[in-house]
Amino acid sequence: MTFRGRRLPLLAGGMLALLAGVLGGLLRAGLQVPVLRIEHVALHAALMIGGFFGTVISLERAAAHGRAPAYGAPVCAVAATLTLVFADAPVLALLLLAASGAVLTWVTWRLHLRQPMLHSLVLLVGAACFPIGALLWLASGAFDAALGFWIDFLVLTIAGERLELSRLMRPAPGARRLFVALAALVVAGAAAWAVHPPAGQALTGIGLGALGLWLLRHDIARRTARAAGLTGFIGRTLLIGHGWLTLSGVLMLGWAAGLAPGLRDAALHAVLLGFVMSMVFAHAPIVFPVLLGVPMRHHAGAWIPVALLSASLALRVVADVAGLPGVHKAGVAGNAVALAAFVLSTLAAVVLGRRRATVGGQDLRPTPSSHPRPPSARG
Ligand code: HEM
């Protein structure tokens, strides 16, 4: 079986983490949904960031690296997911997540050595935030000590990839230096968060807000957003995500200042759903075909999850700030519907892609040899 064939079960493991994480989050928000285990309510963040994103990001990185040892990272993340979902062994799950993060960091280091660039260094720092967060959680017994680092794991991974492509926009040296300063600020924020959460939230908030503005100014998505079809879809969805990142910074400053109890939920999901999930929606049409070797065809329905996510998240944030529990529940339910719509939209793109790939009975799908290892092929 090729590496590509082995990626599907790993991706399925990641999707299991997403399902258990969403159900745990919905029950946490007071919606009556079935959960696989009641502990998933408290393990929501571990399932979402460690299980789902730990698997997907390390799988993509392993595919870029191309050698078997690199797959140790997604395998450990899936093993952690199975432990979180089916067994009552949170310490073992955290050890597996720390191991996954350690392998991911090693793989990212090896890739950096192949092509030492600023963006690959940012990816390396982002990767290292994953095991650091897991070990801090293990050592302190409290998730909050890990929260800043796990946000940085996702944000710096995405920002590093966007920085790679922003070079096509030829940002001035000053702009790149500013990017480095902002990346350093969010890492300093994560470290402060582990010791004094309000100070960490404030530093992280300033960093995230400014990084969002940097991406809105320098990301190539500003140019591609004007295009038609898939390119325009990716560009506009990226800009929407950058908008949420900017807003998350403001909400996080409000949280740090203790302005409203709901700001914790609002700030966290503005960045983790609004920014991070919008990035997933934008990149999926590029990443999944490369990872799994299945052709996908862009369709107008892909806009439904993008619109649903931002509309329901706006509802959630307004409800959080204004203290409207009923409206909050509606927003949270809408978030889950948006994620389900994304899965359906992706499956529809695969079906359409296959239909196009088998014109007149001839199979036009790319064969493993016709497809090089995936560089970070981002729109
Ligand atoms: C439909 C999707 C989601 C639902 C229903 C949901 C629900 C929730 C709820 C109700 C809370 C508690 C908020 C509080 O009391 O302050 C929460 C916290 C949190 N969520 Fe989500 N969430 C979702 C998506 C995500 C995603 C995609 C991520 C990460 C990528 C994420 C990461 C977190 C984290 C880190 C926390 C704080 C830790 C905690 O309190 O356990 N959530 N979520």
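The values are calculated or read from the model by the stated rules, or taken from the named source; none is laboratory data. This one's a predicted model, so the numbers in the text were calculated from it and none came from an experiment. Because the Cβ atoms are built from the backbone with ideal geometry, glycine has one as well, and the counts that use them run over all protein chains shown. Side chains are part of the model used for accessible areas, which takes the heavy atoms of the whole protein and leaves out ligands, DNA and RNA. Shrake-Rupley method; radii C 1.70, N 1.55, O 1.52, S 1.80 Å.
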Point to revise | Which listed residue is at pLDDT 95 or above and open to solvent by less than 10 Å² (accessible area, probe 1.4 Å), from 29, 70 | key: 70
Study note, to complete from the structure: Selection from the range 1-32 of residues more than 15 Å from the chain's Cα centre (by Cα), under 20 Å from residue 287 (Cα atoms) and part of a helix (DSSP H, G or I) yields 3, 4, 5, 6, 7, 8, 9, 10, 12, 13, 16
Check your understanding: open to solvent by less than 40 Å² (accessible area, probe 1.4 Å) and assigned by TED's automatic domain parsing to the domain that holds residue 213, is that true of residue 182?
Key -> yes
Practice item. Mind telling me which of the residues 149, 233 ends up being among the aromatic types (Phe, Trp, Tyr), more than 16 Å from the ligand (Cβ to nearest atom), open to solvent by less than 50 Å² (accessible area, probe 1.4 Å) and assigned to a helix (DSSP H, G or I)? Key: 233
Practice item. Restrict the check to the range 33-43 and report whether at least one residue is within 14 Å of the ligand (Cβ to nearest atom), within 21 Å of the chain's Cα centre (by Cα) and free of Cβ contacts under 8 Å to residues at least 24 places away in the same chain. Key: yes
Point to revise | Tally, over the range 1-11, of residues that are open to solvent by less than 60 Å² (accessible area, probe 1.4 Å) and either among the aliphatic types (A, V, I, L, M) or near the ligand (Cβ under 8 Å from one of its atoms) (or both) | key: 2
Practice item. Pairs only if they're at least six apart or on different chains, beta carbon under 9 angstrom, first in the range 53-80 and in the same structural domain as residue 101 (by TED's automatic domain parsing), second outside any helix (DSSP H, G or I) and among the charged types (D, E, K, R); list them, first residue then second. Key: 63/373; 64/373; 65/373; 66/373
Exercise for review: Pairs only if they're at least six apart or on different chains, beta carbon under 7 angstrom, first in the range 313-335 and touching a residue at least 24 places away in the same chain (Cβ under 8 Å) and outside the structural domain of residue 26 (by TED's automatic domain parsing), second charged (D, E, K, R) and crowded, with 18+ Cβ neighbours inside 10 Å; list them, first residue then second.
Suggested key: 320/265; 328/316; 328/320; 332/316; 335/316
**Study point:** Options 265, 219; residue that is under 28 Å from residue 315 (Cα atoms), acidic (Asp, Glu) and in contact with a Ser or Thr (Cβ under 9 Å, 6 or more places away or on another chain)
**Key:** 219
Review point. Looking at residue 259, is it open to solvent by 30 Å² or more (accessible area, probe 1.4 Å) and closer than 30 Å to residue 325 by Cβ?
Key: yes
Check your understanding: If we scan the range 93-101, do we find a residue that is away from the ligand (no atom under 16 Å from the Cβ) and touching a residue at least 40 places away in the same chain (Cβ under 8 Å)?
Key -> yes
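Output the residues belonging to the range 192-216 that are more than 17 Å from residue 279 (Cα to Cα) and open to solvent by 50 Å² or more (accessible area, probe 1.4 Å).
Answer for the range 192-216, where residues must be more than 17 Å from residue 279 (Cα to Cα) and open to solvent by 50 Å² or more (accessible area, probe 1.4 Å): 195, 196, 198, 203, 206.
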Review point. Do we have residue 250 as hydrophobic (A, V, I, L, M, F, W, C), within 10 Å of the ligand (Cβ to nearest atom) and modelled with pLDDT of 95 or more here?
Key: no
Practice item. Using the structure shown, decide if residue 99 is surrounded by fewer than 24 Cβ atoms within 10 Å (Cβ to Cβ) and of a type in the set (A, V, I, L, M). Key: yes
